[in-house]
Amino acid sequence: TSDGLNADNLSAYGYERDTTPRIKELVASSFVAENAFNNSGKTLGSIISFYTGKYPTQTRVLYSPDILKGKDSFQHLPGLLKTLGYYNVQYTYPNHADAFSANLLSGFDEANGVSVQQNRLQNQLSQYVKTDYAYFCYEIANRMIDRLRHVFFNKKMINQQDIVEGNTHSFDDQQKIDSVLGVVRSKEQPVFAHVHWMGTHGRTFVTYNRTYSAAKDAQQQADWDVDFYDDSIIDFDAAVGQIIDTLRELGTYDNTILVIGSDHSQNYFTEKRIPLIIHFPSGQYAGTVQSNVQNIDLAPTLLDYLGVDQPVWMGGASILDGKPGNRPIIGVSTGEGQIKSGRQVAN
């Protein structure tokens, strides 16, 4: 997934600028949702919706420090895949979009460089005290350790707010790509990996590529400048190309499901189209679906392809048949009077 990605700015979706040449190549042999929408205008709520197939109104998780509680902590796609023998890794960014920080339990073997063994404190605390207290103790311990490491020059602390505001690459997107490909190379068991690309986040953009913004001063860019935004999308497209090329080199491309999506559209809106492209092995299910789909449909769709029954607790619907049916698409967010909900489907 790429943060705040509008489908309307992707050449793969007909945009006049050539922002996604690699993804555009992929579309010819992929399942493409022409009208996909998110269920949360906030990253954490959207990612949890991806994993659980539940609306944020069900899990009560929208943004940090919201956390999963009770059965919701254990009802998710990563947990189901673990029972099938998958090794699960997440590379998003700490605190604001982290599976362990969101109290997603028994799902990931590794999240943002922290292994499940290192996260054992949270699991043990959850067995003996209430979720809120366990989470509070876990976060206090984590923050103390981070500060001690920083004081003793063992590990520099990351300014999480700078990452959110798009002012730094301190948790480098390329590092995430390299890390996940390292996992794919090293594991003999099947891998479920989620990488969340932050370069497209905004309000301002730090880009490796300078195609459309070449004549502008990166230090003086206006908020949500479309030229810098489009260049950041080119960066993301190149990363997707790197993943595809590496999988082909390893001989695993035709045994991989590759999903390209976004947490929400630019500027945290819920009513704009976002990309949802799924490349199945050997180009199966290639084509487009015109009906409106939503992020909570992803988990049921992947389970459908794997031949696993959708649990009763998982909302959304598989879109493999291309006819998810008429139903409301609901997205929630917060902000300056910004609450978007109740999109009626229109074919």
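Data overview
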| read-out | value |
| --- | --- |
| Estimated inter-spin distance, Thr83 and Asn326, nm [label 7 Å along Cα→Cβ] | 3.6 nm |
| Nonlocal amide H pairs with Asp263, under 5 Å, H built at 1.01 Å | Ser2, Gly4, Leu5 |
| By average C-beta atoms within 10 angstrom, highest first, the peptides 105-113, 89-97 | 89-97, 105-113 |
| Residue-span extension gain [Gln58 to Glu25] - 0.36 nm each, minus C-alpha spacing | 8.1 nm |
| Cross-link partners of Lys54 among aspartates and glutamates (Cα-Cα below 19 Å; sequence separation of 8 or more within a chain) | Asp66, Asp72, Asp98, Asp263, Glu271, Asp297, Asp304, Asp309 |
| Alpha-carbon centroid distance for the pair the range 70-119 / the range 172-189, whole angstrom | 16 Å |
| For peptides 262-275, 10-23, sequence by mean Cβ density within 10 Å, most packed first | 262-275, 10-23 |
| Nearest-10 value in Å² for the accessible area of Thr59, using the 1.4 Å probe | 10 Å² |
| Computed lengthening from Ala141 to Ala218, 0.36 nm per intervening residue step minus Cα-Cα distance | 23.9 nm |
| Inter-centroid distance (Cα atoms) of the range 208-268 relative to the range 9-34, Å | 12 Å |
| Efficiency of FRET between Tyr208 and Asp309 - r from beta-carbon atoms, R0 35 angstrom, step 0.05 | 0.20 |
| Heavy-atom SASA rank of Arg143, Arg327 (probe 1.4 Å, accessible area, largest first) | Arg143, Arg327 |
| Solvent-accessible area per residue, Å², over the range 234-336 with all protein chains present [probe radius 1.4 Å] | 40 Å² |
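The values are calculated or read from the model by the stated rules, or taken from the named source; none is laboratory data. No experiment lies behind these values; they were computed from the predicted model shown. Quick reminder, even Gly has a Cβ in these numbers, built from the backbone with ideal geometry, and neighbours come from all protein chains shown. Heavy atoms of the whole protein, side chains included, go into the accessibility calculation; ligands, DNA and RNA do not. Shrake-Rupley method; radii C 1.70, N 1.55, O 1.52, S 1.80 Å.
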